[in-house]
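Just so it is clear, none of the values below were taken in a lab; they were calculated from the coordinates. Since the structure is predicted, the reported quantities are computational estimates derived from the model, not experimental observations. So basically every Cβ, Gly included, is an ideal-geometry build from the backbone, and we count neighbours across all protein chains shown.
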Amino acid sequence: MATLADRVLGRTPLRRHLTLALLGLVVVVVVLESTGQFRNAQFAAMAYYGIAAGGLTILIGLNGQISLGHGAFMAIGAYTAALLLRGDEPFALPLVLLAAAGVALAAGALVGVAAARLHGPYLAGATLALAVAVPGIPVYFGEALGGEQGLTVRVPRIPDWFADAVFFVTGQDMSSSRYLAYVGWLCLIVTFVLLANLARSRVGRTWRAVRDHEVAAELAGIDLGRARVLAFVVSATCAGLAGGLLALSARIAAPSGFTLTLSLLLLSAIVLGGLGSLTGALIGAALLTFLPQLVTGWGQDLGLSDVRAAELAPLIYGLVTVLVVLFAPAGIAGGVLAARRRRAAHHGSPSARTDSEARP
Amino acid sequence: MRRWTKRWTRVTALVCAGALLAACGAGEERERDPAVEGSTVGITDDTITIGGHFPLTGVAAPGYSEIPSGHQAYYDYVNANGGINGRKIEFVVRDDAYNPTTTSQVTNELVLNEEIFAMVGGLGTPTHGAVVDFLNGEKVPDLFVSSGSLQWGDQPDKSPFTFGWQPDYEIEGKIIGQWVAENLPDAKVALFLQDDDFGRDGEKGVRQFIDGQIVEVQKYQSGNTDVAPQMAALQASGADLVLGFTTPSYTALSQLVSLRLGYQPKWFYSNVGADPALVGSLLARFSEGAVTDGTQLLDGVVTTEYIPGTDVPDDPWMTLWQKVWDEHGGEGELTNYRVFGMSQAYTFVQAMLAAGENPTREGVVAAIEKSGADFQGPALAPFRFSGESHLGISGMQVVEIKGGVGQELTPVLVTDIGDAPIEEDDSAAGDAPPPNGIPEG
Amino acid sequence: MQQLITTVLTGLTLGMVYAAFALALVLIWRATRIVNFAQAPMAMITTYLALVLIDAGLSYWVGFAVALVSGLLLGALVERLVVRHLTGSSEINAVILTLGLFIVIHALAALVFGSRYRSFPAPFGLRGFQVGDTTIALTGFGVFTIVSVMVVMGLLVLLFRGTDLGLKMRAAAFDQEISRLLGVRVGRMLTLGWALAALVGSLSGLLIAGGGLVHPSYMDGVVVYGFVAAVLGGLESPPGAVAGGLILGLALSLVSGYVGSELVPLACLVILMAVLLVRPGGLFSHVRARRV
């Protein structure tokens, strides 16, 4: 099976990731074209949650730094995008998204330098304070940043070449929610390929070394501070890009969109999915996107009042969180992998052995 | 942990595909061609499906989560009495937790998945602000937003499908400002504002009349319950009249803190925050030992009114709402939030009837523009609806709370945003509900 | 002048509530190396319990006592039924577990008690004391708040420094294996740590509720400021928690009154970062800073 995968996907990590990215792209096109506008919009949401979760899972899973405040970087990305899309001649979308990621990168570097000195609960406390503090800034600068009301975002016009290209392939016209879903998933695929390669590279090995053996890493000549700051910057950049996409999908950047709840939900999502794994980040993003609507629907089918049905969604989400942490501490992705490994070990497959050897 | 890089590719693809397919399976995809029947989306021969977004969970839920239950009770009442031209109203409520991102998501669901005919009563300025462009782009009537922000109605050419309902905060500020200028011209005035468009628009209106009298402005953040530093600043300014643009819980908090500080100015709360029944019940608790009587704390407080509320249970409209709530309400008492919801629902039914036997989305918008200014209902002042304005109720009266009941201080005062003069207009105040409680078509 | 006094007194009283919450976090951190985010809704639910009893006509003090005892039981139950089963040493999983509990308890309370504001009584007057013809912004309940938190802190210091039980609890938290060898029943000590923490947490819930309004989310703000207070103090030391709470309460009150209430969270971040950049382990910590 492993050799088959090698043949299909290519042997070097880069080729594997690129092949998979292409496959993912095909899946995205098929799925987006075969679903309606509402599902398209949900997939757009899943994409921005996925990008933010992917960055966060790299930071926490690979580098061992905790952040309770990534919603703050999403807010920075969202406000950057909203500001650049204002006015009569807004900037081109790729530029807007790059800027959203770039400003978050700068903010991440600033916070990362401070965070590199802290560990465990002290870092948690500092990032928690960050998550609460950032939404207050646009309220203070109400004239420029819209205050509590926020900045509304106009979705940029769909470029003709893009609509034509998609029409050429699929024969369908482009709606704005489908366009945003495409943009989101393109960003997600690019981000994930970059993150996966980064994790496989020397940088990723450095991060893991810093996480697992601080002293050994230092003896090996690794600059601990630099490694930590870099990991923080990378994940903040992802959050900024995700924030830019969120502003497009939500059509607004407002303080009440970036409460502490957002940061904490992101965190729980990556643990639910499986910490340190991009697959896990995607699973977590899917849960964040689809679970509330599903559970509220069940509640209403059960004949609960609207208010009670609405409370059911957080209740179930909380219960799932508690149960997963207690009974599948490696998250959903980890749990599935473990089950497969057990089965593989049972058959004595060689790939099972390499897997267990690879465990830290 | 290293294996994640090896495997993620394969697994990701599988999981993506799985999640996507599972998600697709759960959805209902009913593509329609908007050119053919788009304008009657949500309407069948025997139903009208409408939707609304409200904070049912989270910090904004206390109070506001009761509004949709008022809507629901009135729709159930109308449905039990034959519906609108034989069509039953189905009201789909979604929780947005007062988070604009969630509002966008649930509005997508309501419009694209539930295929509502119209959005009715969507609550909140930042939340609803996120979906106004979308609703207008999809040509979904966006009726009677539950917020007094100006943006729902002052630019009908930009948002032709959106209509306000309650008096906007600016005209309320103007009416309050003029009353102060005429009746308390020597007062040193301080403003206690919620730090959003509610406080900002209110301040703008007030300043038109008493800019020179204002000695201090303090703002509080919704969610931060410690307002003592703000109250201390008001006290230090020496103000003897405080105008509060607050929500009811912050009205109660400001009263409690002023008690602690021994600060006793005259209070004028905007309509939003001066629910005497609610604030009185919140304060009544503290009467034991500390205060002689809960409602007494509010005695002498001045506020405004634009619809009859629970403090006047004998008002014919209140009798109707009480009957509706007794027959069709859920748990709990009839509160002013529910009265607000029912009053909005009444206007919606009126608009649908005005749109005729075979309503369309464009038809209901045209009907409100044409005859909305003549709608008779619980509101004390007429609506401003026309082709040029989609702003809601045009005025209110100033009342003073005595023993938990509002006593009129002025006739109904009517005005508009900007420099429009304030005039007396009692024409709508005498409207009585129709005998069967359902507006006449 | 009066404004300054009022702002300072308000800040100190509020700081005491943060301190009580921070004390609860410190207790659990010392016992099990977990930051318990669920502390806030646990305190919220015991406060609601007190409210139900008081609404049923019982005296304030009955409700008060029942809330504290039920906090004790709730803490022990959560440790025994949930936290005990946390496998592995992943620090992040422990955080997520308490976040999950936070969401569950919160949603349950909203389902059971409803999402609306309710007023919570106070056993003492709510008018400030009169000095001459000015009113000092300190109420009987404010004094009660300050005194009770100081007493609790004193008792905790006594417990850990001066009693056999406290020594065992510290030993169990320090090294479970060695403690077992020495005959300390580690499991019991951990449960006791959680129970005591939840009791102190309940106290903070009652103190912030007294003479004010409660709703299912009323403790949410306290989580942030209480946690920051605990981190400021160094997470290990009860006096540190109280000092952290007071510093934060005072500073935030001054910012709110003289600069602008929208900057309160930002001020909280600035204070925390300023302290942590100088002392990465908090004010009262002996822990070596992480080297960079």
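Some notes on this structure:
- Zero-based 10 Å bins, Cα pair distances in chain B, whole percents: 4, 21, 30, 24, 12, 6, 3, 0
- For chain A, the relative contact order is 30 percent, taking Cα pairs closer than 8 Å that sit 6 or more residues apart in sequence and dividing their mean separation by the residue count.
- Taken along the Cα-to-beta-carbon direction at a fixed 7 Å, the label points for B:GLN208 and A:ARG205 span 7.2 nm.
- Alpha-carbon gyration tensor eigenvalues x 5, square-rooted, for the protein assembly as shown, Å: 46, 39, 25
- Amide H contacts of B:ALA274 (H built 1.01 Å from N, in plane; Pro and chain starts excluded): no residue 5 or more places away or on another chain comes under 5 Å.
- Candidate lysines - alpha carbon under 22 Å from B:LYS219, same-chain residues fewer than 8 apart omitted: B:LYS174, B:LYS188, B:LYS204, B:LYS266
- Computed from label points 7 Å out along Cα-Cβ, the spacing between C:PHE144 and A:ALA345 is 5.9 nm.
- Summarising the amide proton neighbourhood of B:VAL217: residues at separation of 5 or more, or on other chains, whose placed amide H is nearer than 5 Å comprise B:LEU191.
- Three-way shape label, the range C:56-180, alpha-carbon gyration tensor, a/c 1.5: oblate
- Ranking of A:LEU248, C:LEU68, C:LEU9 by neighbouring Cβ atoms within 10 Å, starting from the fewest: C:LEU68, C:LEU9, A:LEU248.
- Centre separation in Å (Cα based) which lies between the range B:391-420 and the range A:18-56: 52 Å
- Electrostatic tally near B:SER389: other residues with Cβ closer than 10 Å to its Cβ, Lys and Arg +1, Asp and Glu -1, net -3.
- 10 Å Cβ shell holding at most 12 others, DSSP loop, trypsin sites (Lys or Arg not before Pro): longest site-free stretch of chain C: C:1-287
- When only the Cβ of Lys, Arg, Asp and Glu is charged (+1, +1, -1, -1), the dipole of the range B:169-305 relative to its Cα centre reaches about 240 debye.
- Potential lengthening between C:VAL259 and C:TRP61 on full extension [0.36 nm per residue; Cα-Cα distance subtracted]: 67.4 nm
- Projected label points at C:ASP133 and A:TRP161, each 7 Å from Cα along the beta carbon direction, are separated by 8.0 nanometres.
- Based on DSSP H segments of at least four residues, each scored -39500 (n - 2.57), chain B has a per-residue ellipticity at 222 nm of -12000 deg cm²/dmol.
- Among B:LYS158, B:LYS139, B:LYS219, residue whose mean-square fluctuation peaks in a GNM of chain B (springs only between Cα atoms under 10 Å): B:LYS158
- The phi-based Karplus calculation (6.51 cos²θ - 1.76 cosθ + 1.60; θ = phi - 60°) puts the 3J(HN,Hα) values of the range A:73-89 at 6, 5, 4, 4, x, 5, 5, 4, 4, 4, 5, 6, 8, 7, x, 7, 10 Hz, whole numbers, x for Gly and Pro.
- Estimated Rh, the range B:169-305: Kirkwood, alpha-carbon pairs, angstrom: 14.7 Å
- Under a Gaussian network description of chain B, with springs only between Cα atoms under 10 Å, the residue in B:GLY356, B:GLY70, B:GLY395 that fluctuates furthest is B:GLY356.
- Using alpha-carbon coordinates, inclination of helix B:3-26 to the longest axis of chain B, degrees: 90 degrees
- Contact order normalised by residue count of chain C, Cα under 8 Å, 6+ apart, percent: 36 percent
- Residues whose amide H falls under 5 Å from that of B:VAL92, counting only those 5 or more places apart or on a different chain, are B:ILE50, B:GLY51, B:GLY52, with hydrogens built in the peptide plane.
- Karplus-derived 3J(HN,Hα), 6.51/-1.76/1.60, for each residue of the range A:183-199, Hz, glycine and proline x: 4, x, 6, 4, 4, 4, 5, 4, 4, 5, 4, 4, 5, 5, 5, 4, 5
- Cα long-axis angle, helix B:197-210 against chain B (0 to 90 degrees, to the nearest 10): 40 degrees
- Estimated FRET transfer efficiency (B:ASP240, B:VAL312; beta-carbon r; R0 25 Å; 0.05): 0.25
- Cα gyration tensor shape for chain A, rounded if a/c is under 1.5, else prolate or oblate: rounded
- Percent RCO, i.e. relative contact order, over chain B, from Cα pairs under 8 Å lying at least 6 residues apart: 15 percent
- C-alpha long axis of helix C:264-278 to longest principal axis of chain C, angle in °: 40 degrees
- Helical mean residue ellipticity (222 nm; -39500 (n - 2.57) per DSSP H run of 4+; nearest 500) of chain A: -25500 deg cm²/dmol
- For B:240-252, mean number of other protein chain Cβ atoms within 10 Å: 1
- Selected from B:GLY199, B:GLY173, B:GLY86 as most flexible by GNM, with chain B as the system and alpha-carbon contacts under 10 Å: B:GLY86
- In Hz, Karplus ³J(HN,Hα) per residue of the range C:132-142 (6.51, -1.76, 1.60; θ = phi - 60°; x = Gly, Pro): x, 10, 9, 9, 8, 6, 10, 9, x, 5, x
- FRET E, pair B:ASN136, A:PHE168, Förster distance 35 Å, beta-carbon r, rounded to 0.05: 0.70
- Computed FRET value (nearest 0.05) for B:GLU408 with A:LEU302, which takes r as the C-beta separation and R₀ as 45 Å: 0.40
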